[in-house]
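Enquirer: One structure follows; several queries about it will come next.
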Amino acid sequence: MADPATRSGPLLPDLVAGLSVAGLLVPEAVAYSGIAGLPPEYGVIALLAGLTCYGLVGRSRFAIVSATSSSAAVLAAATASLAGGDPGLRLALAAGLILLTGLFFLAAGFARMGAMSDFIAKPVLRGFAFGLAVVIIVGQLPKVLGVPVAHTDILRLAVDLLDQLPHWNPAGLAVGTTALVLLFLLKPYRRVPSTLLTIVLGVAAQLAWGLDRHGVALVGSIDLSLPVPSVPDLTRAEWLRLGELAFALLFVLYAESYGSVRTFALKHGDAMAADRELLGLGLANLASGLFGGMPVGAGYSATSANEAAGARSKRAAWVAALVVLALILTLLPYVELTPQPVLAAIVIHAVSHSLDLPAIRVYFRWRRDRVVALSAVAAVLVLGVMDGLLVAVGVSLLMTLRGLSEPKVSVLGRLGQGHDFVNVAAHPEARPVPGLLIMRPEAPLFFANVDRMLALVRHQIAAGHGAAGTLILSLEESPDLDGTCVESLAELVAFAHRHGIALLFARLHDPVREVLARAAIPLLPPAALTNWSVDDAVSRALDGVPGR
């Protein structure tokens, strides 16, 4: 079966989609450069690198790989914390960070680590995206209001804006508000290049009324002379620090990109190739870093626009790259006349989809992961982008470990006269089998929880449950066992033997059966490891097959 990303077909749908999406990409590329605190050309170079390089390797036929708002914010936070106010060093650090991110992507792709985005829970991603959207939106307000601010963190920046209230520029506020309203009014018409239209109207307003004479800042000069590919000259300590930050940037880019790619692949029944996505993103970021661009990923808004415009294959992205190149070669002087409030409005509109309260509210309705989602939002708002991301991921991992390590063991009983055994606490109609104690740990056993899990089993034995017969331990939740688990199970076997109870295992996965057989635990005969189901173990015990 042909790859849907490259299969032949009518060119017209891809041509129309490429033309349409190009009008969105150029303004966003310039706008996202502002989020990162970099010159506008950085976003344009990243756009060309992303569109061309991803097309060589990536699988998705809809993905548009370019600079994204989230990666721009992460880049800004990471480089600002290291540069110490030195603009030249900041540019070098940005290039180094993007290069390392590209190399890490390639290494992960060759190592077949396509599932690594699963290490960041969806509540963390949604909370992080919500908080980041708030940070980005507030960060764009000084460009709309035309006032200087002394701080970049959201709380003190908001205070700076309120202190500057008498100096807010009404012309900039009017231009930005008008542009934002226009973008939202055109949002339902997905085939209309609303971003390009807004830029055109903003440039027209500048040409007609001279907005800059009313205090409205313009984009200004854009230098698109392509630099010679180079690696920044940084110290070993700086490279090491960038290596740590590159892992965080990689996770942000990949989680966002893979989410976009997966959404449209599932929608259209396309095959997924996570490792190829890693390689494609790695090549694109490596090229962007070498030529002085920004980090790139498959942002949802651009990818969604490409799909909505009727793209059928990766040719749409190639067409978009050619159109982008033509636009910047012919219309660059007009792009330089774009009012900054218009770009700010484009950014605010682009990230507004992340202000998704219903997506976070569901965790309260489900009574799951509420703390994780809110912690991610609060961490970004209070600690900033980089530290907030790390804290949010840390909270996610801690909550996971807490769930895994929390001791919970169920006592099982027979449901009716059938072969099913269920938790008697949850199903009062289930009945214990006389003379047997059947128990099941409700989480995979591993070194952090096994002692507390088996302590509950020993407590049931010591309390006299099933003392006249056999203990059946179902390990269906444990795909494998580490050394600590084997030692703890050996202690349980000895404990049961001292209380005159035979021990049988049920629902053993093959790796578990193999490791217990190799362990040759004293007092645990091989017959105790051969039961496939709880019902099999019950039948064996009731038939008097020895398990001692």
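Every number in this text was worked out from the coordinates using simple rules, so none of it is lab data. This is a predicted model, so every value here is computed, not measured. FYI the Cβ positions are ideal-geometry reconstructions off the backbone, even for glycines, and counts take in every protein chain you see.
Enquirer: Would you mind getting me the FRET efficiency between Asp223 and Glu406? Use the beta-carbon distance for r and R0 = 45 Å, nearest 0.05.
Expert: Efficiency for this residue pair is about 0.20.
Enquirer: Now for a different question. Which of the aspartates and glutamates could a cross-linker bridge to Lys122, judged by Cα under 14 Å and excluding same-chain residues fewer than eight apart?
Expert: Glu256, Asp356, Asp369
Enquirer: Please list 492-502, 163-173, 56-66, 297-307 highest first by mean number of surrounding beta-carbon atoms within 10 Å per residue.
Expert: In decreasing order of mean packing, 492-502, 163-173, 56-66, 297-307 become 56-66, 297-307, 492-502, 163-173.
Enquirer: Show me 210-216, 98-104 ranked by packing, highest mean number of other Cβ atoms within 10 Å first.
Expert: So the peptides 210-216, 98-104, ranked by packing, come out 98-104, 210-216.
Enquirer: Which order do the peptides 408-419, 39-50 come out in when sorted by mean C-beta neighbours inside 10 angstrom, highest first?
Expert: 39-50, 408-419
Enquirer: Using the alpha-carbon atoms, what tilt in degrees (0 to 90, nearest 10) does helix 87-110 show relative to the longest principal axis of the chain?
Expert: 40 degrees
Enquirer: Of all DSSP beta bridges in the stretch 409-542, what percent run antiparallel (nearest 5)?
Expert: Close to 45 percent.
Enquirer: Which percent, to the nearest 5, of DSSP beta bridges fully inside the chain are antiparallel?
Expert: 55 percent
Enquirer: Using Cα atoms only, what is the angle between the long axis of helix 69-83 and the major principal axis of the chain, expressed in degrees (0 to 90) to the nearest 10?
Expert: Here the helix axis deviates by roughly 80 degrees.
Enquirer: Please give every one of the lysines within straight-line cross-link reach of Lys314, meaning a C-alpha to C-alpha distance under 27 Å, and leave out same-chain neighbours fewer than 8 residues apart.
Expert: Result set, ordered by chain and number: Lys187, Lys267.
Enquirer: Could you calculate the contour length gain from Asp480 to Trp168, that is, 0.36 nm times the residue separation minus the distance between their Cα atoms, to one decimal place in nm?
Expert: Contour length minus the Cα-Cα distance gives 106.0 nm.
Enquirer: What's the center-to-center distance, using Cα atoms, between the stretch 473-535 and the stretch 384-427 in Å?
Expert: Here the answer is 22 Å between Cα centres.
Enquirer: With a point put 7 Å past each Cα toward its Cβ, work out how far Glu487 is from Ala448 in nm, to one decimal.
Expert: Spacing of the two 7 Å Cα→Cβ label points: 1.8 nm.
Enquirer: Can you give the angle from 0 to 90° between the axis of helix 122-145 and the longest principal axis of the chain, with both taken from C-alpha atoms, to the nearest 10?
Expert: Relative to the chain, helix 122-145 is tipped by roughly 20 degrees.
Enquirer: Could you work out [θ]222 nm for the chain from helices alone, using -39500 (n - 2.57) per DSSP H run of at least four and dividing by all its residues? Round to the nearest 500 deg cm²/dmol.
Expert: -20000 deg cm²/dmol
Enquirer: Arg59's amide H: which non-local residues (gap 5+, or another chain) put their own amide H closer than 5 Å, with H modeled 1.01 Å from N in plane and none for Pro or chain starts?
Expert: Glu277
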